[in-house]
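First the structure, in the form of structure tokens, and then the observations on it.
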Amino acid sequence: MDVSMHVSAIITAYNSESFVANAILSVLKQSLPVDEIVVVDDGSSDNTAAVVANFLDKGVKYLYQENKGPGAARNLGIRETSGAFIAFLDADDTWLENKNEIQMNYLALHPQVSMVSGLRWRSDGSGSPYRIMGQVPKSSEQLKRDILIHNLVGNPSMVTVRREVIENVGAFNADIRWGQDWELWIRIVSQYEVKILPDPVIVYLIHSKNLSKTKRRKALSSYWSISRRAIQTRSSFWMRFLLILRSWSRFIHELSLDARDGGDSRWVQAAYSSIALILYPWDDGWGKLNMLLMSIVGNDAYQNFKRIFRKRT
């Protein structure tokens, strides 16, 4: 592949000694090799550096910075690499073996596309079957609208982007603690053509150190702020009210799910889920209704009802 198609893989790690080796190996094993691999250590206090050192003889470059967050770490990686294309990987995720091949073949055939993403397999590390996650928009217009509501592009591990695009719209906003990737995708989607391919490209690992889990409420508030600001600045006056309602409903629905996972009372869950359903029932209405029913009757009764219903149908 000529220099104009060179790919720089940027792996960001923070206290990732248990994961980073698998992340690096998943890049090294790509069916279409990348041209550059950089691991940016965001101030780890564990043995992340020692694990990465085992791969230096394979061309992996190691960079260290004081802890500044994932956005700043990715920005350092962007500055210290030179590929015409940039692909990211969080250290607790892994690329599927054909991730780079699928995305680079598509970008080579579609020079008008600035960035590609895909779907992901979700794993809880228990060995249970993976669950596929993600959504492919029906059109560019749908992506431009729905990206204001939720992060359709996905997490950075799923993305390959042309360097010139980052240079034009700016890099990650390091001042945003949660959702800085989504905020960047909004900027890119509003100006360039972006494609989400219907192929799983990563395994996304759910574990106890996931930032979005340990700091869930703060993360959700940050996402709501990103969505609200984007709607106010990137949608027409006539669409803002409906989009704000839709976004608010999604935020409240996520709060109901967090209340369920966090063990809050069923009445708290019911309050959140009913408000979410009333605000905007047309977006994931079944999910909101199911959450409301579950909060009213309890999870065990709800699951028993579902099993009985399936047997009868």
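The values are calculated or read from the model by the stated rules, or taken from the named source; none is laboratory data. Treat the numbers as computed from the prediction; the structure is a model and nothing was measured. Here Cβ is always computed from backbone atoms with ideal geometry, including for glycine, and neighbour counts include all displayed protein chains. Surface areas here come from the heavy atoms of the whole protein model, side chains and all, with no ligands, DNA or RNA. Shrake-Rupley method; radii C 1.70, N 1.55, O 1.52, S 1.80 Å.
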Q) Which shape class, rounded, prolate or oblate, goes with segment 219-313 when its Cα gyration tensor gives a ≥ b ≥ c as root eigenvalues, a/c under 1.5 marks rounded, and past that a/b bigger than b/c marks prolate? A) prolate
Q | Neighbour net charge for TRP248 - beta-carbon separation under 14 angstrom, K R +1, D E -1 | A | +3
Q.
At a threshold of 8 angstrom on Cα-Cα distance, excluding pairs fewer than six apart, so keeping six or more, what relative contact order does the chain reach in percent?
A. 16
Q. Residue by residue, what Karplus-based ³J(HN,Hα) values in Hz, rounded to whole numbers, does segment 64-71 have, using 6.51, -1.76 and 1.60 with θ = phi - 60° and x for Gly and Pro?
A. 10, 9, 4, 4, 10, x, x, x
Q: Take the Cα pairs of segment 171-263, get the Kirkwood Rh, then feed it into Stokes-Einstein at 20 °C and 1.002 mPa s and tell me D in µm²/s.
A: 141
Q. Using 1/(1 + (r/R0)^6) with R0 = 22 angstrom and r between the beta carbons of GLU193 and SER4, what's the FRET efficiency to the nearest 0.05?
A. 0.75
Q: Quick one: grab the alpha carbon gyration tensor of segment 215-254, order the square roots of its eigenvalues as a ≥ b ≥ c, and give me rounded if a/c is under 1.5, else prolate or oblate depending on whether a/b is larger than b/c.
A: oblate
**Q.** Cα-Cα separations in segment 149-201 greater than 13 Å, expressed as whole percent
**A.** 59
**Q.** Which of GLU167, GLU101, GLU36 is most accessible, then next, and so on - probe 1.4 Å
**A.** GLU167, GLU101, GLU36
Q) With charges only on Cβ, +1 for K and R and -1 for D and E, what is the dipole size of the chain about its Cα centre, in debye, rounded to 20? A) 1500
Q) For segment 54-109, which semi-axes, largest first and in whole Å, follow from the square roots of 5 times the eigenvalues of its Cα gyration tensor? A) 23, 15, 13
Q: Name the long-range amide H neighbours of ALA84: under 5 Å, sequence gap of 5 or more, or other chain; modelled H, no Pro or chain starts.
A: HIS6
Q. Does segment 108-244 come out rounded, prolate or oblate by the C-alpha gyration tensor, with a ≥ b ≥ c the root eigenvalues, rounded set by a/c under 1.5 and, if not, prolate when a/b is larger than b/c and oblate if not?
A. oblate
Q. Taking Rh as the Kirkwood radius computed over C-alpha pairs, what is the Stokes-Einstein D of segment 1-128 at 25 °C in a medium of viscosity 0.890 mPa s, expressed in µm² per second?
A. 163
(Q) I'd like to know which of VAL3, ILE37, PHE251 lies farthest towards the positive end of the charge dipole of the chain, counting +1 on Cβ of Lys and Arg and -1 on Cβ of Asp and Glu. (A) PHE251
Q: Per residue of segment 157-172, in order, report the coupling 6.51 cos²θ - 1.76 cosθ + 1.60 (Karplus, θ = phi - 60°) as ³J(HN,Hα) in whole Hz, putting x for Gly and Pro.
A: 4, 8, 10, 10, 9, 6, 4, 4, 5, 4, 5, 7, 9, x, 8, 5
(Q) Placing unit charges on C-beta atoms (Lys and Arg positive, Asp and Glu negative, everything else neutral), compute the dipole magnitude of segment 11-63 about its Cα centre in debye, rounded to 20. (A) 180
Q: Report the local net charge at ALA276: Lys and Arg +1, Asp and Glu -1, summed over other residues whose C-beta lies under 13 Å from its C-beta.
A: 0
Q) Percent of accessible area on the chain owned by carbon and sulfur, 1.4 Å probe? A) 54
**Q.** Separation of alpha-carbon centers, segment 136-167 and segment 48-64, rounded to whole Å
**A.** 30
Q: Take the alpha-carbon positions of the chain, form their convex hull, and give its projected area averaged over all directions (one quarter of the hull surface) in nm².
A: 17.5
**Q.** Ranked packing of 55-62, 159-166, 182-189, most packed first, by mean Cβ within 10 Å
**A.** 182-189, 159-166, 55-62
**Q.** Cα gyration tensor of segment 84-170 - equivalent ellipsoid semi-axes, whole Å, descending
**A.** 23, 17, 13
